Each structure stands twice: as structure tokens, then as C-alpha cells.
Amino acid sequence: MQHIQDDLQGRWWALEAKLMERFGKKPDLNAILMLIGMQETGKTGDTVDKEAKQDLMHVAVCTLLATSGYYALEGHDDEGWPHFAQLRALPEYNLIEQENFLKDHILLYFQHQGFID
């Protein structure tokens, strides 16, 4: 199990380094989720309020976990925001396991986008 965590951590550090190179500062997990939310919605982070930031992060989490069958895109509202249906319960993980679960999905997302190998 430790080897899997080490591999995840190494791949995560490589993604952080690549994003830091691209944006000039090291992003935390929330910043990466916001970035994915902006990518998925086309909304920019320049003028978003706290509620919109939370919405962007929610879109990111749903998008990420849709690849594993936890959510499905139902459609978009009049403002272009995607809406998801939860298909099954999320695994019950402790905080570290939840973070690693999300990180793994984030890495898959960036691989599918062609941003990382």
C-alpha cells in the first residue's frame, strides 16, 4: 500500500510542478479543483464570488468522479452550468483517503486532457 501512496505522491508533485510552471505559483488542491471547474464551464476566475468558487469546485468534483460512475451529467442550465445526478454513494474514507481519492481522479483528468503523461 505504501508503494501505491508513494507513486500517487510522486505523480501529484509532478502535476503541481507543471501547474506551477504554467501559472507561476504552486496550486493547492482547492485551486486545482477551481481550475478544473473553470475548464469545464468556460467561466473565468477573475470575477467569481465565493459562491461561484464553491460551484466551480463542485462541478470539478462531479466531473472527476463521473469517470468512476459516481455522477452523471444531466445537462446544463440557462447560464451554462452543468448539473449532475449522483448515481451511487461515495466511498467512506477518512480525510487522507478522501484527498488521495480526489488526487487520483485529478491526475486521470489531466492525463485525459493531455496535460500530463
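Figures for the structure shown
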{"quantity": "Relative contact order of region 2-112, pairs being alpha-carbon contacts under 8 Å that are 6 or more residues apart, as %", "calculated": "21"}
{"quantity": "Nearby lysines by direct alpha-carbon distance to K18 (threshold 25 angstrom, same-chain neighbours under 8 apart not counted)", "calculated": "K26, K43, K53, K103"}
{"quantity": "Under DSSP loop assignment and at most 14 Cβ neighbours within 10 Å, longest trypsin sites (Lys or Arg not before Pro)-free interval of the chain", "calculated": "26-87"}
{"quantity": "Most positive-pole-ward Cα, V59, L35, V48, against dipole of the chain from beta carbon charges", "calculated": "L35"}
{"quantity": "Span per principal axis, largest first, for the Cα atoms of region 2-112 (Å)", "calculated": "46, 37, 25"}
{"quantity": "Candidates P82, P91, P27, ranked by Gaussian network fluctuation over the chain, Cα under 10 Å, top entry", "calculated": "P91"}
{"quantity": "Farthest positive-ward along the chain dipole, Cα basis, beta-carbon charges - from G24, G75, L107", "calculated": "G24"}
{"quantity": "The chain: calculated mean residue ellipticity at 222 nm from DSSP helix runs of at least 4, using -39500 (n - 2.57)", "calculated": "-20000 deg cm²/dmol"}
{"quantity": "In region 17-92, the chymotrypsin sites (Phe, Trp or Tyr not before Pro) that fall in loop regions by DSSP, at most 11 other Cβ within 10 Å", "calculated": "none"}
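Values quoted throughout were computed directly from the atomic coordinates according to the rules given, and no laboratory measurement underlies them. From a predicted model like this one, the values you see are computed outputs, not experimental measurements. Quick reminder, even Gly has a Cβ in these numbers, built from the backbone with ideal geometry, and neighbours come from all protein chains shown.
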